[in-house]
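Below is one structure; the comments refer to it alone.
The values are calculated or read from the model by the stated rules, or taken from the named source; none is laboratory data. All values derive from a computational prediction rather than experimental measurement. When we count neighbours, we look across all protein chains shown, and the Cβ atoms used for this are built from the backbone with ideal geometry, even at glycine.
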Amino acid sequence: MFRELTAFQGKKDHFELLCFKCKAKYEIDDYGKFYHCSKCGSLLEVVKTSNYSSGTKKRPEVWKYIDLIPLWDEKNIVSLSEGWTSLVECRNLAGILGLKSLYVKFEGLNPTGSFKDRGMTVGVSKAVEQGYKNTMCASTGNTSASLSAYSSRAGIRCIVLVPKGKIALGKIAQAIAYGAEIYQVEGNFDDSLRIASEICEKDNRILLLNSLNPFRLEGQKTVAFEITEQLGGKVPDYVVIPVGNGGNISAIWKGFRELFEDGVEGIAGKHSSEHLPKMVGIQAEGAAPIARAFKAGRKDIDPVRDPHTEASAINIGSPVSWIKSLAAIYDSGGSSDYVSDEEIFAAQKLLASKEGLFVEPASAAPIAYIWKLARAGKGDVYEDMKGLTVVSICTGNGLKDPNALLKGVTPDQLKTISADAKSLEKILA
Ligand SMILES: [Zn+2]
């Protein structure tokens, strides 16, 4: 099943597969035979050792950055034209929050409605390149929607584990539509991921595509390149991100580091910026092991045994990429905090009603956090942030989870009128 990929040595020589913690080196094409470092048990990471240039024509999406992505042969690309999502300047909201400059990177505009598509286009292309016929993931919803879409496009089987009763209706509808094999686990997300990991570690015919898969993060890092291009070659000062499993914040930080440590053709040269953004990771109060670790100044986490938040995309108590996400927060000089569900839903409405951006609840967590700081009107992070450029990553589309919002609708917001103009005229007068 593992394909002989030696023909592509030229590009391969520019990448390595290393342990994130102890830096043990592994054969990059063997990924999938194992998921963790055999020496220390930590996560693996793809590291670009030098710049590669294929000289091929650049596409207008994630694959625009193909030279920075460890896929050996272009013909294995499985794409839905993901990436190049809008970076929306939010002047109304900046005014309300007391910021000079606020942008929303609206990742809900990706083909399946979330940032996961950036990672899945790479993860599934890599699965095709290595000859896999089966993919699997555990999911709070967005991952399953994305993996099932890309797997169906690739013509390979997709097995999805979701926590029963804990995923948004729109997301499960997507996985059903894309034709995934879905199993509802009587447990939470962490239980689902534990089962998926056990199965994939035993059965080498199935590739696990959760965010511990380092190839997925190689796709997700492209958001850093895009933001910089969209800001005319400037890096933002702050990037505020919802954190569930911790993969995305580490991927975006990796992207910014690659951009300014090595330079990326057409965006920025080596050392062209003296500073990198501060990465701020926001969690929901009932599922905040990373934020709590940061607040206590710790380098490890206490998993939350029974996580609970209505923001289902970040309802994760035992984040698999905690080590990478804490590193991103500390190394960037960033921060981490949590917000309540009430604050999340208020921020979701604020973003939609003031800027026309309807995001899923988890995606509103960064705005909820900045709003919390603005209301307090003080604190080092807020004082620093006020005069700078802040980008909030809004990871998923609001249409995926309308139920959460509709629960709070009052009859006053949905009035009924009789079928003649007069009755409406009366109300509007
Ligand atoms: Zn190791």
Task: Those residues of the range 139-160 which are outside any helix (DSSP H, G or I), at pLDDT 95 or above and either among the basic types (Lys, Arg) or surrounded by 24 or more Cβ atoms within 10 Å (Cβ to Cβ) (or both), in sequence order - done: Arg157, Cys158, Val160
Task: Enumeration of residues in the range 225-248 that are within 24 Å of Ala127 (Cβ to Cβ) and surrounded by 24 or more Cβ atoms within 10 Å (Cβ to Cβ) - done: Gly244, Asn245, Gly246, Gly247, Asn248
Open item on the list: I'd like the full set of residues that are surrounded by fewer than 24 Cβ atoms within 10 Å (Cβ to Cβ), in contact with a Ser or Thr (Cβ under 9 Å, 6 or more places away or on another chain) and in contact (Cβ under 8 Å) with a residue 60 or more places away in the chain, limited to the range 327-351.
Closed with: Ala327
Open item on the list: Looking only at the range 18-31, filter to residues that are farther than 18 Å from Asp73 by Cα and more than 8 Å from the ligand (Cβ to nearest atom); which one of those is surrounded by the most Cβ atoms within 10 Å (Cβ to Cβ)?
Closed with: Leu18
Task: Output for the range 37-74, where each listed residue is of a type in the set (Val, Ile, Thr), touching a strand residue (DSSP E or B) at 6+ places or on another chain (Cβ under 7 Å) and either more than 16 Å from the ligand (Cβ to nearest atom) or over 30 Å from Ile267 (Cα atoms) (or both) - done: Thr49
Open item on the list: Just to verify a result, which residue in the range 44-68, among those that are closer than 11 Å to His14 by Cβ and of a type in the set (A, V, I, L, M, F, W, C), is surrounded by the fewest Cβ atoms within 10 Å (Cβ to Cβ)?
Closed with: Val47
Task: Residue list for the range 376-405, restricted to those being among the charged types (D, E, K, R) and surrounded by fewer than 23 Cβ atoms within 10 Å (Cβ to Cβ) - done: Lys378, Asp380, Glu383, Asp384, Lys386
Open item on the list: Condition check: modelled with pLDDT under 95, small (Gly, Ala, Ser) and buried (at least 24 other Cβ atoms within 10 Å of the Cβ). Does Ser211 satisfy that?
Closed with: yes
Open item on the list: Can you list residue pairs whose Cβ atoms sit under 7 Å apart, with the first residue in the range 134-145 being within 13 Å of Arg216 (Cβ to Cβ) and the second being among the hydroxyl-bearing types (Ser, Thr, Tyr)? Count only pairs 6 or more apart in sequence or on different chains.
Closed with: Thr135/Ser151; Cys137/Thr143; Cys137/Ser144; Asn142/Ser114
- [ ] Check Ile172, Ile176 and return the single one that is in a helix (DSSP H, G or I) and over 27 Å from Ile77 (Cβ atoms).
- [x] Ile172
Open item on the list: Among the listed residues Ser192, Ser148, Ser197, identify the single one that is of a type in the set (S, T, N, Q), without any contact (Cβ under 8 Å) to a residue 60 or more places away in the chain and farther than 22 Å from Val78 by Cα.
Closed with: Ser192
TODO: Please give the strands (runs of 3 or more DSSP E) falling wholly within the range 1-119 in which 2 or more residues are among the hydrophobic types (A, V, I, L, M, F, W, C) and under 29 Å from Ala180 (Cα atoms).
DONE: 44-48
Open item on the list: For the structure I just gave you, tell me whether Gly83 is loosely packed, with under 14 Cβ neighbours inside 10 Å and more than 16 Å from the ligand (Cβ to nearest atom).
Closed with: no
TODO: Enumerate the pairs (first residue in the range 352-379 and under 23 Å from Ile167 (Cα atoms); second residue anywhere and at pLDDT 95 or above and among the acidic types (Asp, Glu)) with beta-carbon separation below 8 Å, excluding pairs fewer than 6 apart on the same chain, so at least 6 apart or on different chains.
DONE: Pro361/Asp341; Ser363/Glu107; Ala368/Glu343
Task: Condition met for Phe34 (away from the ligand (no atom under 16 Å from the Cβ) and of a type in the set (Phe, Trp, Tyr)) - done: no
